[in-house]
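Each remark here refers to the structure printed beneath this line.
The values are calculated or read from the model by the stated rules, or taken from the named source; none is laboratory data. Nothing here was measured: the structure is a model prediction, and the numbers come from that model. Cβ placement follows ideal geometry from the backbone for every residue including glycine, while neighbour counts extend to all protein chains displayed.
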Amino acid sequence: MFTTQIDQLLAGLAQEQISNLQELEAFRVKYLGKKGIVAALYAELKNLDGEAKRLAGAQINDLKNQVNAIVAQAAQDHESRSNVKSLESMDLGLPPAFKPHGCQHPLTLVTNEVIDIFARLGFTVSTGPEIVDEWTNFTALNFPQNHPARDMQDTFFVDNMPGYLLRTHTSGVQVQELLKGVLPVRTISPGMVFRRDSDATHSPFFHQVEGLYVDQGVSFADLKQVLYHFVNAFFGKGTDFRLRPSYFPFTEPSAEMDIAWVRNGKQGWMEIMGCGLVDPAVLSNCGVDPELYTGFAFGIGVERLAMLRYGIADIRVFYENDIRFLNQFAAL
Ligand code: PHE
């Protein structure tokens, strides 16, 4: 009696309909679930003895194995069906999805390299605000009251903040750092600066790295040696450079540094920085005793370094965000 019931169940398996995942799960639960058919049959085994029990046991095992096989097969069918579907909806003729690699802007690359070189000489990095008061940008740096740089033509003043302007150079950070009153100071300050200027070699905003070293006994020889090291480290050993006497209100003596370049058979000099010994008046304005302390300062033009390094003739390409230009730096 019991065995014919199992025979019928075995025969009935072929009639089971499984055409989707829900039906597959329902089928599995119906036969193999805790309260399913197979469990119920096993429970009845205890009422049988001897040969009958053995026979019925083997039949139930058979039923369980067949159910398991059907479940496995149906699951596999389902998976290959959905793979075919996703292949059908995919256009294999389309070009692959383009995921561009980001890269650093050449000015960032150059700034970071400058920071690295001076960090190895013991310079810390300090930054200042882009909007500064006139005293920090000009007065403390010994600019006379009527200096042309203060003029509306050269400087961007801030309309609703009287006495404030977009910094025209990073030299104001010298003032900020000296006013902290902790000596010696040995720091570099990268940042953006602003001037009313615009042509192939001038942009209304550009970048500088300011350098300042104030201690007892700092001389022009120290400045020269540090700059000599910088040129060798950045442009390579043996790069030709010159220091030309110059004038800045906040350094005395002052100089400008030019780097020799050769391109397309032409050669020339490119100015990359202003520098000099910090004027004693600046030290006094910032509460540092010029009888005890001396120092040097420099302001490097980051765009100039990048133009020399990468052979760029027009400063405006740095700000156009032309992906064809920027992409060239992806591997650097
Ligand atoms: N601040 C000057 C400029 O912008 C550069 C400079 C910095 C010169 C430090 C001397 C010392 O042109």
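Please enumerate the residues belonging to segment 135-160 that are outside any loop (DSSP other than H, G, I, E, B), of a type outside the set (V, I, T) and either buried (at least 17 other Cβ atoms within 10 Å of the Cβ) or within 14 Å of the ligand (Cβ to nearest atom) (or both). Within segment 135-160, N137, F138, P148, A149, R150 qualify.
Just so you know, in segment 231-278 the residues that are of a type in the set (F, W, Y) and away from the ligand (no atom under 14 Å from the Cβ) include one that is nearest to N112 (Cα to Cα), and it is F234. None of G172, G217, G211, G163 is closer than 24 Å to F234 by Cα and either buried (at least 16 other Cβ atoms within 10 Å of the Cβ) or of a type outside the set (F, W, Y) (or both) except G211. Tell me, please, whether a residue that is of a type outside the set (S, T, N, Q), assigned by TED's automatic domain parsing to the domain that holds L292 and farther than 21 Å from L141 by Cβ can be found in segment 206-220. Yes.
Given the criteria of a type in the set (K, R) and more than 14 Å from the ligand (Cβ to nearest atom), does R167 qualify? It is false that R167 is of a type in the set (K, R) and more than 14 Å from the ligand (Cβ to nearest atom). Of the helices (runs of 4 or more DSSP H) lying entirely inside segment 258-332, those containing at least 3 residues that are more than 23 Å from the chain's Cα centre (by Cα) are 280-285.
Checking each residue in segment 175-195 for being surrounded by 21 or more Cβ atoms within 10 Å (Cβ to Cβ) and among the aromatic types (F, W, Y) picks out no residue at all.
When V209 is tested against (1) in contact with a helix residue (DSSP H, G or I) (Cβ under 9 Å, 6 or more places away or on another chain); (2) free of Cβ contacts under 8 Å to residues at least 24 places away in the same chain; (3) β-branched (V, I, T), only condition (2) is not met. Taking the listed residues L24, L55, the one that is assigned to a helix (DSSP H, G or I) and over 60 Å from the mean Cα position of the chain (by Cα) is L55, with no other qualifying.
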